[in-house]
1. What's the total number of residues in region 142-160 that are in a loop (DSSP other than H, G, I, E, B) and within 21 Å of residue 123 (Cα to Cα)?
2. For region 230-248, which residues satisfy the criterion of being in contact with a strand residue (DSSP E or B) (Cβ under 6 Å, 6 or more places away or on another chain) and either without any contact (Cβ under 8 Å) to a residue 24 or more places away in the chain or assigned to a loop (DSSP other than H, G, I, E, B) (or both)?
3. If you go through region 8-30 one residue at a time, do you hit one that is surrounded by 13 or more Cβ atoms within 10 Å (Cβ to Cβ) and under 16 Å from the mean Cα position of the chain (by Cα)?
4. Sort out which residues of region 210-229 are farther than 21 Å from residue 99 by Cβ, touching a strand residue (DSSP E or B) at 6+ places or on another chain (Cβ under 8 Å) and outside any strand (DSSP E or B), and write them in order of number.
5. Go over the candidates 89, 147 one by one and state the one that is closer than 30 Å to residue 233 by Cα and either surrounded by fewer than 20 Cβ atoms within 10 Å (Cβ to Cβ) or out of contact with any helix residue (DSSP H, G or I) (no Cβ under 8 Å at 6 or more places or on another chain) (or both).
6. Is region 112-128 home to any residue that is assigned to a helix (DSSP H, G or I) and surrounded by 15 or more Cβ atoms within 10 Å (Cβ to Cβ)?
7. Output the residues belonging to region 166-205 that are more than 19 Å from residue 81 (Cα to Cα), touching a residue at least 60 places away in the same chain (Cβ under 8 Å) and touching a strand residue (DSSP E or B) at 6+ places or on another chain (Cβ under 8 Å).
8. State whether the residues of region 78-85 include one that is out of contact with any helix residue (DSSP H, G or I) (no Cβ under 9 Å at 6 or more places or on another chain) and surrounded by 12 or more Cβ atoms within 10 Å (Cβ to Cβ).
């Protein structure tokens, strides 16, 4: 039986142990398993922060064109994702919003480059006088955060759920660590394998943890961001994680 893998620190790896069996929603047969045991989560987060320097130095134009190129690359390979998506219990029509809708998010965010200059930061608005005579002024400058975007996703959109979030953080110059729900993580894994094979993203821009990692929030810091898609109950628990509160980590 195959094991759904993780992509961390530039390598494809499997978790330790037998893991959790994942069943085909149509036939009921177990065809893969997921384990996050033995993964060095803190090292993965730090790897993303350090390697993210390349992405941070790219201009908005470069990031936008990167997203467009990636969307076109994935769209040419969509049939293999549709075929695998049947195992989630979805029809082709069901999967359309997930797969091609996900690619659409890349295209849409890529087009936002037209609103920004060809530089790695954005100067927002006009200078603000803070003293008489203009001797003391302020200006808002938007720069990439120097952390990673941690995306904890739900089972029902294994492709769209990842790409709608990653498109935003990549355009903003931040790397991502994606955690799809274990039930459909094999489809996310398939897309990530194509993304990595494309060599379109800079190293460290995307890491994948296929399943639940209970300690993922233990070592986030103030430059990171966390997003969550799931139940309100779980969302409240995560939002009140001591580390998020101590480090004032943005959580949405």
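1. The initial filter retains those residues of region 142-160 that are in a loop (DSSP other than H, G, I, E, B), namely 143-148, 153-159.
Within this subset, residues satisfying the condition of being within 21 Å of residue 123 (Cα to Cα) are 143-147.
Number of matching residues: 5.
2. Of all residues in region 230-248, those in contact with a strand residue (DSSP E or B) (Cβ under 6 Å, 6 or more places away or on another chain) come to 235, 238-239, 244.
Selection gives 235, 239.
3. yes
4. We begin by selecting, within region 210-229, every residue farther than 21 Å from residue 99 by Cβ; these are 212-226, 228.
Then drop every residue that is not touching a strand residue (DSSP E or B) at 6+ places or on another chain (Cβ under 8 Å), which leaves 212-213, 216-217, 220, 224-226, 228.
Answer for region 210-229, where residues must be farther than 21 Å from residue 99 by Cβ, touching a strand residue (DSSP E or B) at 6+ places or on another chain (Cβ under 8 Å) and outside any strand (DSSP E or B): 212, 213, 216, 217, 220, 224.
5. That would be 89, the only listed residue that is closer than 30 Å to residue 233 by Cα and either surrounded by fewer than 20 Cβ atoms within 10 Å (Cβ to Cβ) or out of contact with any helix residue (DSSP H, G or I) (no Cβ under 8 Å at 6 or more places or on another chain) (or both).
6. Here is the first cut: in region 112-128, the ones assigned to a helix (DSSP H, G or I) are 112-115.
If we keep only those that are surrounded by 15 or more Cβ atoms within 10 Å (Cβ to Cβ) too, we end up with 112-113.
Yes, that holds for at least one residue.
7. 170, 174, 175, 176, 177, 205
8. Of region 78-85, the ones out of contact with any helix residue (DSSP H, G or I) (no Cβ under 9 Å at 6 or more places or on another chain) are 79, 83.
If we keep only those that are surrounded by 12 or more Cβ atoms within 10 Å (Cβ to Cβ) too, we end up with 83.
Yes, region 78-85 has at least one match.
Taken together, the values in this text are just the output of simple stated rules run on the coordinates, not laboratory data. Just so it is clear, the structure is predicted and the values come from calculations on it, not from any experiment. A quick note on method: Cβ atoms are made from the backbone with ideal geometry, for glycine too, and the neighbour counts reach across all protein chains shown.
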